[in-house]
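Worksheet: the structure to be examined is printed underneath.
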Amino acid sequence: MSFSNLGLSNEIIRAVTELGYTKPTPIQKQAIPVILSGGDLLAGAQTGTGKTASFTLPLLHRLSNDSVKSTSNPYPPIRALILTPTRELAAQVESSVREYGKYLNLNTMAMFGGVSINPQKRLLKGRVDILVATPGRLLDHVQQGTVNLSHVEVLVLDEADRMLDMGFIRDIRRILSLLPKQRQNLLFFATFSDKIKALATGLLNHPKMIEVARRNVTADTVAQKVYKVERDRKCQLLAHLIRKDNWYQVLVFTRTKYGADRLVKQLTQERIQALAIHGNKSQSARTHALAKFKNGSLQVLVATDIAARGLDISELPHVVNFDLPNVASDYVHRIGRTGRAGASGEAVSLVCVDEYQLLTEIEKLIEQRLPFEVVAGFSANSHTVPAEPISDERKHKPQGSKPQTRSTAKQSAPQTVIGGKKSDPRTSSSRRWAKRDR
């Protein structure tokens, strides 16, 4: 099947072809006809499956064929609203809309915080057909009366599960109250939950349900591995792996902004080029770091979960969980940055003893045991450094279990390590890992 078989216009097919795409992905095959028909959609798809094009292409087709409604409002009406959880994802989606719609007479705009609001106000005075926005900045414009949502024809909630995890439900409900009741609603998620089910029930009207992969699973193209390590040896182990295997374009996740900055400093001292992106970084700094990482001039990009949403790097080979996420479903999102569109990738997690419960929750969610290894000289022993405090980038606190630090009572349990060497730390941590091995 080709894109022309899906009923898209010649202008859209031309743009898609020029970008190198010839055949639609499974999510695109199923979603595009539903959206073109005007029906509501609830779609589950893992990252890297072509999700953005699955709603962008039919959205462009519909708007290019429909006439614009007249209004007396000084700010021309927004015809389609795409909500995303983060700035990076908003910028990425808007860029895709522009690329796919470059032969159409439609105007697009990205709206997010971290930058001056005045240029956005000026753009809104012109015609904006498709607005890609984060909830917070959109509500800033609503409060100032600089955006017209009274004629929105299509609403897209992209990565709705992440928006709910970040605590945006009140903002979403407020935005929904400002939209026309008669509209098309498209809700996309990566991991299904009771929250998504509740949101869909109140938002969608007799939706078509599409899932292109089993819920909450990781892609088969991603090789997953766990390294057992002392907390205070994680940076040294990461540097060792980067040098030993000559890793490039390594995306590293930390749990906190402080942890991201500290890791960048440590890697720099190890003569490994690294930059961080997180909520305390200016938008220009985040954009600069991401651009260097995408063009291959930056070896390591350290990110928090929120800042990393929307990262779309072609054939990203390595993702490292320096800290395990506090919310198990974030593990799926994180490692979904690699192994995209059929390419292979590797996801490595550096796990210390006090993260054992988090690892158990992840394995329960994805319904598989993760293989683990120990590198000689880095194994967990009786010296356990207290866990770094868990905090959010935003005032919204995600739901999830906090890691628990266990006691260090001595036990007789020799530990086997890579390279044929053995050590006998005689710690409760060895016993816990041995219990997990069974």
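The values are calculated or read from the model by the stated rules, or taken from the named source; none is laboratory data. Model, not experiment: these values are computed from the prediction. Heads up, the Cβs are rebuilt from the backbone with ideal geometry, glycines too, and the neighbour counts pull from every protein chain shown.
Going by the structure shown, is LEU267 outside any loop (DSSP other than H, G, I, E, B), of a type in the set (A, V, I, L, M, F, W, C), in the same structural domain as ALA328 (by TED's automatic domain parsing) and out of contact with any Phe, Trp or Tyr (no Cβ under 6 Å at 6 or more places or on another chain)?
Working: outside any loop (DSSP other than H, G, I, E, B): yes; of a type in the set (A, V, I, L, M, F, W, C): yes; in the same structural domain as ALA328 (by TED's automatic domain parsing): yes; out of contact with any Phe, Trp or Tyr (no Cβ under 6 Å at 6 or more places or on another chain): yes.
For LEU267, the condition - outside any loop (DSSP other than H, G, I, E, B), of a type in the set (A, V, I, L, M, F, W, C), in the same structural domain as ALA328 (by TED's automatic domain parsing) and out of contact with any Phe, Trp or Tyr (no Cβ under 6 Å at 6 or more places or on another chain) - is met.
For residues that are in a loop (DSSP other than H, G, I, E, B), surrounded by fewer than 16 Cβ atoms within 10 Å (Cβ to Cβ) and not charged (D, E, K, R), tally how many sit in the stretch 115-150.
Residues meeting the conditions: 5.
What is the one condition in (1) at pLDDT below 85; (2) farther than 13 Å from VAL226 by Cα that ALA380 does not satisfy?
(2)
Are any of the residues in the stretch 302-318 closer than 16 Å to ALA239 by Cα, at pLDDT 85 or above, part of a loop (DSSP other than H, G, I, E, B) and outside the structural domain of MET166 (by TED's automatic domain parsing)?
no
Anything in the stretch 125-140 that is touching a helix residue (DSSP H, G or I) at 6+ places or on another chain (Cβ under 7 Å) and either under 18 Å from ARG87 (Cβ atoms) or not assigned by TED's automatic domain parsing to the domain that holds ILE78 (or both)? List them, or say none.
ILE130, VAL132, ALA133, THR134, PRO135, GLY136, LEU138, LEU139
In the stretch 252-264, which residue that is free of Cβ contacts under 8 Å to residues at least 60 places away in the same chain and touching a strand residue (DSSP E or B) at 6+ places or on another chain (Cβ under 9 Å) is surrounded by the fewest Cβ atoms within 10 Å (Cβ to Cβ)?
Among residues in the stretch 252-264 that are free of Cβ contacts under 8 Å to residues at least 60 places away in the same chain and touching a strand residue (DSSP E or B) at 6+ places or on another chain (Cβ under 9 Å), the one surrounded by the fewest Cβ atoms within 10 Å (Cβ to Cβ) is ASP261.
Checking the structure you have, find out if any residue of the stretch 78-89 is on the phi < 0 side of the Ramachandran plot and surrounded by fewer than 22 Cβ atoms within 10 Å (Cβ to Cβ).
Start the filter on the stretch 78-89 by keeping residues that are on the phi < 0 side of the Ramachandran plot, which leaves 78-89.
Okay, now just the ones that are also surrounded by fewer than 22 Cβ atoms within 10 Å (Cβ to Cβ), so none.
Within the stretch 78-89, not a single residue is on the phi < 0 side of the Ramachandran plot and surrounded by fewer than 22 Cβ atoms within 10 Å (Cβ to Cβ).
Considering only the stretch 3-15, state which residues are within 22 Å of LYS208 (Cα to Cα) and in contact with a helix residue (DSSP H, G or I) (Cβ under 8 Å, 6 or more places away or on another chain).
PHE3, LEU6, GLY7, LEU8 - these are the residues of the stretch 3-15 that are within 22 Å of LYS208 (Cα to Cα) and in contact with a helix residue (DSSP H, G or I) (Cβ under 8 Å, 6 or more places away or on another chain).
Only one residue in ARG286, ARG334 is touching a Phe, Trp or Tyr at 6+ places or on another chain (Cβ under 6 Å) and either outside the structural domain of ASP158 (by TED's automatic domain parsing) or modelled with pLDDT under 90 (or both), so which one is that?
Answer to the check: ARG334.
Listed residues ALA110, ALA15, ALA45; which is on the phi < 0 side of the Ramachandran plot, touching a strand residue (DSSP E or B) at 6+ places or on another chain (Cβ under 8 Å) and in contact (Cβ under 8 Å) with a residue 60 or more places away in the chain?
Result of the check over ALA110, ALA15, ALA45: ALA45.
If you go through the stretch 1-18, how many residues are surrounded by fewer than 13 Cβ atoms within 10 Å (Cβ to Cβ) and either of a type in the set (A, V, I, L, M, F, W, C) or under 13 Å from ALA53 (Cα atoms) (or both)?
1
Taking the stretch 235-257 on its own, how many of its residues are over 21 Å from HIS333 (Cβ atoms) and assigned to a helix (DSSP H, G or I)?
9
So which residues in the stretch 16-63 are within 18 Å of MET209 (Cα to Cα) and in a loop (DSSP other than H, G, I, E, B), if there are any at all?
THR25, SER37, GLY38, GLY39, ASP40, ALA45, GLN46, THR47, THR49, GLY50
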